[in-house]
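Asks: The structure that follows is given in the form of structure tokens.
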Amino acid sequence: ILVVDDNPDIVFTLRVGLESDPTIQVYSFDNPVTALVEFEPNFYDLLLIDVNMPLMDGFQLAQNLVRRDLNVRVCFMTAGEINMDAAREVHPLKSIGCFIKKPISAEELLRRIRAELE
């Protein structure tokens, strides 16, 4: 799983929560541009991307990453309100899996991630 969030504390918390499941390996970035440069196609099962980031928002990052790996799935995270239907119209990524509202407990996050990976 690739985690991208501009807040290093959130990145750390998500990584620790997800890696409590020994079957999940997490790679993380707190800068969307670095994530884009370092991205490896056909490596990740799921991208967990924050919507609101400086330099490049989560939708822009996802569009760039999906161009490089058409099979990867994407879940977006946000602390704000988001209209999922409107987001899907504006960003018609077929790989958009889910929207996750922050804050989220480690247990709930793992449940959502497992559901996406099935």
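Each reported figure results from applying straightforward, stated rules to the coordinates on display, with no laboratory input. Here the structure is a predicted model, which means the values were calculated and not measured. Cβ sites come from the backbone with ideal geometry, for glycine too, and all protein chains shown count toward neighbours.
Asks: Considering (1) touching a residue at least 40 places away in the same chain (Cβ under 8 Å); (2) surrounded by 14 or more Cβ atoms within 10 Å (Cβ to Cβ); (3) within 21 Å of residue 101 (Cα to Cα); (4) of a type outside the set (D, E, K, R), say which one residue 44 fails and leave the rest.
Replies: (3)
Asks: Looking at 33, 16, 37, which one is out of contact with any strand residue (DSSP E or B) (no Cβ under 9 Å at 6 or more places or on another chain) and free of Cβ contacts under 8 Å to residues at least 12 places away in the same chain?
Replies: Details: 33 fails: free of Cβ contacts under 8 Å to residues at least 12 places away in the same chain; 16 fails: free of Cβ contacts under 8 Å to residues at least 12 places away in the same chain.
Only one candidate passes the filter, namely 37.
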